[in-house]
Amino acid sequence: MEVATATEASAPAASGGASRRGHPFPWLDVAISEPYYFLHLIAFFSYFAARTTAPSAEDDAELHSRLIRREIQAVLVFLVLFTVKIVKEEHWETFIADSLLYAKGLLLVVTFVIDYWLTVGYLLGFIVIYAMAQQPPYDGLGHLNHLTPLQLESLLTEEPTTRFWLVEFRTSFLTPCIQASSVMPELSNLYSNKNISFGLVDLGHFPNAAARFGISMWDHLPTYILFDKATEVARLPEIGNGTKVFVPKVTKQENQ
């Protein structure tokens, strides 16, 4: 089993990322093609239609003035938070998720001025979007190899092509994993060489492998483990004192 085999298994995702980068307006392509972004786009643009139901200055000058103030305040608060996120230089997925969260909260505050039931409607709409769509993870691979648990064990024990393997264990349905999905491809682009390789195991597809590597599916993901051939030498986050690890093929070397 070669490392190339694992890379070829993830070729469709890589080709999808390449075609997207070749699009003249990649952000527009993503906004339309990804249900998560498309549904949020519809929800936010629908406010302009809902805004027409607000009282005009002729109908209720005080309420109209208060709505204008709330809209201005919401825009200013969003711009401040948006700027803070840019300055912190977080990963794109985290930046988008947090920006959408701020925008949704401010939209609910503004719509409350127009009508209480409009706010309830938007809140229910955002809950439906959350249930129906999921933020897509980073689709670039760099020099990252998508591996099955059996491929990983084979590479570590039977055919050690490089001394070190840094492997990320994650799922595609947990927000922390999605927001950190660009970390490993970026690291692999910078540091891949003949001594270290980078891999990814999706525990959403192989949940039984979580116990094999001593990983909790709910509070330890994503988990990063550094292997020196067949020996685990480090992991992040570390295993708690009460966690029992069962690793049939990959041994763990303590205190290194």
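Mean sequence separation of contacting Cα pairs (under 8 Å, at least six apart), scaled by the length of the stretch 66-194, corresponds to a relative contact order of 32 percent.
A cut-off under 12 angstrom between Cβ atoms defines the neighbours of residue 44, and their net charge, with Lys, Arg +1 and Asp, Glu -1, is +2. Using 0.36 nm per residue and subtracting the Cα-Cα separation, the extra length available between residue 218 and residue 134 on full extension is 28.5 nm. Along the stretch 163-172 the Karplus relation, 6.51 cos²θ - 1.76 cosθ + 1.60 evaluated at θ = phi - 60°, assigns HN-Hα couplings of 5, 10, 10, 9, 10, 9, 10, 8, 10, 8 Hz to successive residues, with x for each Gly and Pro.
Modelled spin-label separation between residue 92 and residue 32, with each label point placed 7 Å from Cα along the Cα-to-Cβ direction: 1.8 nm. Packing around the peptides 145-152, 217-224, taken as the average count of other Cβ atoms within 10 Å per residue, puts them in this order, highest first: 145-152, 217-224. Multiplying the residue separation of residue 109 and residue 194 by 0.36 nm and subtracting their alpha-carbon distance yields 25.2 nm.
Coupling constants for the stretch 117-123 follow from the phi torsions by the Karplus curve (6.51 cos²θ - 1.76 cosθ + 1.60, θ = phi - 60°), and in residue order they are 5, 5, 4, 4, x, 5, 4 Hz; glycine and proline get x. Rounded, prolate or oblate: which one fits the stretch 144-236, using the alpha carbon gyration tensor with axes a ≥ b ≥ c (rounded when a/c is under 1.5, else prolate when a/b beats b/c, else oblate)? Judged from the Cα gyration tensor, the stretch 144-236 comes out oblate (a/c at least 1.5, b/c at or above a/b). Average accessible surface for the stretch 144-236: 42 Å² per residue, computed with a 1.4 Å probe over protein heavy atoms with every protein chain in place.
Let a ≥ b ≥ c be the square roots of the eigenvalues of the Cα gyration tensor of the stretch 38-132; is it rounded (a/c under 1.5), or, if not, prolate (a/b larger than b/c) or oblate?
On the way: a/c = 2.93, a/b = 1.50, b/c = 1.96.
Since a/c reaches 1.5 but b/c is at least a/b, the shape of the stretch 38-132 is classed as oblate.
For residue 68 and residue 46 in the same chain, what is the full-extension length gain: residue separation times 0.36 nm, less their Cα-Cα distance, in nm? Mind dumping the intermediate values first?
Working: separation 22, 0.36 × 22 = 7.92 nm, distance 1.75 nm.
So the extension gain works out to 6.2 nm.
Dividing the mean sequence gap of close Cα pairs (under 8 Å, 6+ apart) by how many residues the stretch 144-236 holds gives a relative contact order of 41 percent.
The values are calculated or read from the model by the stated rules, or taken from the named source; none is laboratory data. Since this is a predicted model, take the numbers as computed values, not measurements. Quick reminder, even Gly has a Cβ in these numbers, built from the backbone with ideal geometry, and neighbours come from all protein chains shown. When the accessible area is computed, the model is the full protein with side chains, heavy atoms only, and any ligands, DNA or RNA have been set aside. Shrake-Rupley method; radii C 1.70, N 1.55, O 1.52, S 1.80 Å.
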